[in-house]
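The structure under discussion appears below in the form of C-alpha cells.
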Amino acid sequence: MTGVILAVDDLKVHFPVRTGGVLIGQYRPLKAVDGVSFDLKAGETLGIVGESGCGKSTLGRAILQLVAPTGGTVSWLGKSFCDAGAADLHALRREMQVVFQDPLASLDPRMTAGDIIAEPLWNFHGNLGRTEIDRRVREMMDKVGLLPAMINRYPHEFSGGQCQRIGVARAMILKPKLVVCDEPVSALDVSIRAQVVNLLMALQREFGLALIFISHDLAVVRHISHRVMVLYLGRVMELADRDALYAMPRHPYTQALMAAIPIPDPDRERAKPRVILSGDPPSPLDPPSGCVFRTRCPHATALCADQTPMLENTGADNKVACHHWREMSPTSA
Amino acid sequence: MGSAPLLHIDNLTVKFTTADGAVDAVSDLSLHISPGECLGVVGESGSGKSQTFMAALGLLAANGSARGRALFHGDDLLTLGDNELNAIRGDKVAMIFQDPMTSLTPHMTVGRQLSEVLIHHRGVSAARAREESLVMLKRVRVPDPERRLAMYPHELSGGLRQRVMIAMALLCGPELIIADEPTTALDVTVQAQILDLLREVKDTLHTAVVLITHDLGVIAGLADRVAVMYAGRIVEMGDVRQVFADPRHPYTRGLLACTPRMDAAVTGALFTIPGQPPNLEHLPAGCAFAPRCASVLDACRNDRPALRGLGGGRFKACIRDDLAHAS
Ligand SMILES: Nc1ncnc2c1ncn2[C@@H]1O[C@H](COP(=O)(O)OP(=O)(O)OP(=O)(O)O)[C@@H](O)[C@H]1O
Ligand code: SF4
Ligand code: SF4
Ligand SMILES: [Mg+2]
C-alpha cells in the first residue's frame, strides 16, 4: 500500500426519501452511493464518470465528509474518519480541498477575489499576518493565471473561466494533498475548458497533488486521469487504468458511454458503429434487481436480474462488475 | 446546393438596449439554408447563435430589435405581423430547445399539447388530432405512447420530454426545424438516442435542420454545412467535411485543436486559445478575434474583416490568405 493517501472502503450514502401516499412516515432509502471502494495514491488523478444522478457528486462530498456516509469507511493516511475527533477533522480539511462546477455560484458575491482566496489561510494560518497572506494570495493568483492587480475585484467582474481560476486558487492556497474537482470545467466554454484542464495538470505536477476529477465528459477525463471509475446508479461498474479502460472497455455500460461520445471528425463520427442504449437511466429510488444496468444492457440474461455482479479483477489493477465480461469481446473505442 | 434557399438571412443585425447602452448581439450576418439540408451553427456562449434565429422568427426579447432581412420562401419574416408569424411558427418552421420544459406547458397533458398544435394549424377534429399525435409519438419511439398522452411533462424523463418536443415539432410536417442545443441538457447515452432520431428525421422526411450547438462532435455527426460564429458574426462557413479537415479561420482551427477527442492519442497539455471570449460591449476595432489570434497582423486591427468567398461554397472572415493549410 505504498503511497496510498486515501482509502475508501465499501462507502455507502443512503438518503431517506419520503415516498408519496397518505401514510405518514414512509421512507425509502435512495442509494446515492452504494458500496464504493478504491485507493488513491499521492500525486494520482482518479477520474469519476457517469451520467446525472449516478452518485458522482455525492461520492465526492462523502469523501470530503461534507455529507455523512451511511456505511463504509474513508481513511486518510491510514486513519479512518470515523475515529477522527473534531480537531483531527479540522486538520484533515486543510489537506483536502474542493472545486465546484458552477464557478460564479460557488463564490461569495460580497467578497473580493483576494478575500475569497485568502479565507482558508485566515482559517488555518491566521498568525501569518496580513502582509504575508496578501503576498501568498498574489503569488497564487499569478500561478493560476489571474492578474494579481485584480485582487480587489468582485466575482461578477470576472468571466466564468476566471471565476473557476479563483476557485482553484482558493483550493490550492493551503497546498493540500488532495483536491476533489466536481465538474470543474463543465460550465466553461471549450476554449476556456482547455485552459483550466491544463492549469490543474500543471499544478498537480508542481505540488505533487492528488486529484479526484468528477465529470460526465469522458474525453476530458481521459486527458487528465491516471485511473478511471465508471459509476452507474451509485455502483462501480468498472475501475481501471486510464489506457486500459479507453483502449478496451470491458463493461457494457462503459462501452456504450464511449460509443456515445461524438467525435469531432465527420467521416469518423458517421462511420463509427452505433451502440444506442434504450431508455433512460432508472430512478435511483427504484433500482433494478441484480445488476443495476440490466434494464438497458444489450447482453443481459436471467442471471443478471437475479444476482448482483461483484467487482472482479480482469488483470493487473483493473476491475469490472459484470457476470458476462469473460464471454464478451472487448470493443475498442 | 442547386435549389432555391428555404431560408435566406441577409445582413441581419440584432441590437439589444441595456442599462449600459446598446450591444450588437449579431452583426451583418448572412446565411442560407436549402431544402432538406442540415446547417450546423457552432460557437461559444454569447456568440449570437440563438439570437440569430430568434430574430428571424420574431422571438426577440422586448429590448431587442432586428435589422436586415430573413426571407422564408421569399417572404421577409422581419416585416410580418404576429398573426402571420404565428401561422408559420409551429407549422412550416418548428423549434426544438435545450430545455423542453420552457416550450411545453406544465399544466397540460402531453396529448392535449400535441393535439392543440394540429387543431390550431390544421383545424382538424379533436379525435383526429389525438390519433395523429399518437402516430407521431410512435414515430419518435416514445415507449408506451397511449399512456404518455395522459401524462404531464414533469412526469417524463429528460430524454422523453425531448422526444415529445420533437414529435410536436414534426406534427405539421415542417420544412425547417430549428434545434437550439437539443441535446445539451441530456446524458450522453440519451444524447446519442436523440441525435439518432434527428438523423432519421432528416434522412427520411428530408426536413431542413438548423442545428445550434457548442459541441463540434454533434455538428460532425449531423451537419452538411457548418457556420462558425464568434462575437456575433460568422467567421467561417462551408461544407462540414472540408471545414473540419481544413479549417481556414484561426478561430475554427483553435476550437478544433483545443477539443480533447476520443479518437486521438492523449497529448501532454491541451492546445489552448489564450484569453477570453470578447465582451460585446467593448469589442476591439478590426477583427474581434485579434486579441487572441496567434496569426494577428497590425492590419487586422483596422477594419472588421468581411466574410468573403473562397470558392467551393467556403467563406471566411479573416484578412490573411497566407496561412498554411492545416495538415
Ligand atoms: N434580452 C437581452 N438583452 C441584452 N442582451 C441580450 C439579450 N438576449 C441576449 N443577449 C446577448 O446577446 C448575445 C448573443 O446571445 P445568444 O443567446 O445568441 O448567444 P448563444 O451563442 O446562443 O450563446 P449560448 O451558447 O450561451 O446559448 C449575448 O451577449 C447575450 O448576452
Ligand atoms: S451483469 Fe448482465 S446486465 Fe449487468 S452489465 Fe453484465 S451482462 Fe449486462
Ligand atoms: S483577421 Fe487577423 S486577427 Fe483576425 S483571425 Fe485573421 S489573422 Fe487573426
Ligand atoms: Mg444559445
Enumeration of residues in region A:188-230 that are more than 9 Å from every other protein chain (Cβ to nearest Cβ), under 17 Å from the mean Cα position of the chain (by Cα) and among the small types (Gly, Ala, Ser) = A:210, A:215, A:225
Matching residues in region B:213-229 - criterion: being outside any helix (DSSP H, G or I) and either open to solvent by 10 Å² or more (accessible area, probe 1.4 Å) or out of contact with any helix residue (DSSP H, G or I) (no Cβ under 8 Å at 6 or more places or on another chain) (or both) = B:214, B:215, B:224, B:225, B:227
Report, by residue number, each residue of region A:76-90 that is surrounded by 12 or more Cβ atoms within 10 Å (Cβ to Cβ) and free of Cβ contacts under 8 Å to residues at least 12 places away in the same chain.
-> A:79, A:80, A:84, A:88, A:90
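Table: residues versus (1) part of a loop (DSSP other than H, G, I, E, B); (2) buried (at least 20 other Cβ atoms within 10 Å of the Cβ).
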residue	(1), (2)
A:7	no, no
A:17	no, no
A:29	no, no
A:34	no, yes
A:67	yes, no
Looking at B:302, B:279, which one is open to solvent by 30 Å² or more (accessible area, probe 1.4 Å), polar (S, T, N, Q) and within 14 Å of ligand 3 (Cβ to nearest atom)?
-> B:302
Here are some residues: B:211, B:198. Which one is more than 9 Å from chain A (Cβ to nearest Cβ) and either farther than 30 Å from residue B:232 by Cα or free of Cβ contacts under 8 Å to residues at least 60 places away in the same chain (or both)?
-> B:198
Condition met for residue B:253 (at the interface with chain A (Cβ under 7 Å from one of its Cβ atoms), open to solvent by 10 Å² or more (accessible area, probe 1.4 Å) and either of a type in the set (Phe, Trp, Tyr) or more than 18 Å from residue A:218 (Cα to Cα) (or both)) | no
From the residues in region B:6-49 that are open to solvent by 60 Å² or more (accessible area, probe 1.4 Å) and outside any strand (DSSP E or B), which one is nearest to residue B:217 (Cα to Cα)?
-> B:45
Selected residue (criterion: farthest from the chain's Cα centre (by Cα)) from residues of region B:176-193 that are at pLDDT 90 or above and more than 10 Å from chain A (Cβ to nearest Cβ) = B:176
Tell me, please, whether a residue that is part of a helix (DSSP H, G or I) and at pLDDT 95 or above can be found in region B:67-74.
-> no
The correct count of residues that are open to solvent by 20 Å² or more (accessible area, probe 1.4 Å), in contact with a helix residue (DSSP H, G or I) (Cβ under 8 Å, 6 or more places away or on another chain) and not hydrophobic (A, V, I, L, M, F, W, C) in region A:188-201 is 3
Filtering region B:228-250 down to residues that are in contact (Cβ under 8 Å) with a residue 12 or more places away in the chain and charged (D, E, K, R), which residue is nearest to ligand 1 (Cβ to nearest atom)?
-> B:233
Quick check, is residue B:203 under 19 Å from the mean Cα position of the chain (by Cα) and surrounded by fewer than 22 Cβ atoms within 10 Å (Cβ to Cβ)?
-> yes
Give the residue that is surrounded by the fewest Cβ atoms within 10 Å (Cβ to Cβ), with candidates limited to residues of region A:161-187 that are within 12 Å of chain B (Cβ to nearest Cβ) and over 22 Å from residue A:151 (Cβ atoms).
-> A:186
Residues B:79, B:52: which one is hydroxyl-bearing (Ser, Thr, Tyr), open to solvent by less than 50 Å² (accessible area, probe 1.4 Å) and either touching a residue at least 60 places away in the same chain (Cβ under 8 Å) or away from ligand 2 (no atom under 16 Å from the Cβ) (or both)?
-> B:52
With the first residue restricted to region B:257-273 and required to be more than 7 Å from chain A (Cβ to nearest Cβ), and the second required to be part of a loop (DSSP other than H, G, I, E, B) and not aliphatic (A, V, I, L, M), Cβ contacts under 6 Å at 6 or more apart or on different chains are B:257/B:271
In this structure, is residue A:259 modelled with pLDDT under 95, among the small types (Gly, Ala, Ser) and closer than 14 Å to residue B:217 by Cα?
-> yes
When residue A:133 is run through (1) of a type in the set (Val, Ile, Thr); (2) closer than 30 Å to residue A:51 by Cβ; (3) assigned to a helix (DSSP H, G or I), the failure sits at (2)
Looking only at region A:307-324, decide whether some residue is among the charged types (D, E, K, R) and touching a Leu at 6+ places or on another chain (Cβ under 7 Å).
-> yes
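The values are calculated or read from the model by the stated rules, or taken from the named source; none is laboratory data. As the structure is a prediction and not an experimental result, all values here were calculated from the model. Positions of Cβ are backbone-derived with ideal geometry, glycine not excepted, and every protein chain shown enters the neighbour counts. The protein model used for the area step is the full one, side chains on, heavy atoms only, and it has no ligands, DNA or RNA in it. Shrake-Rupley method; radii C 1.70, N 1.55, O 1.52, S 1.80 Å.
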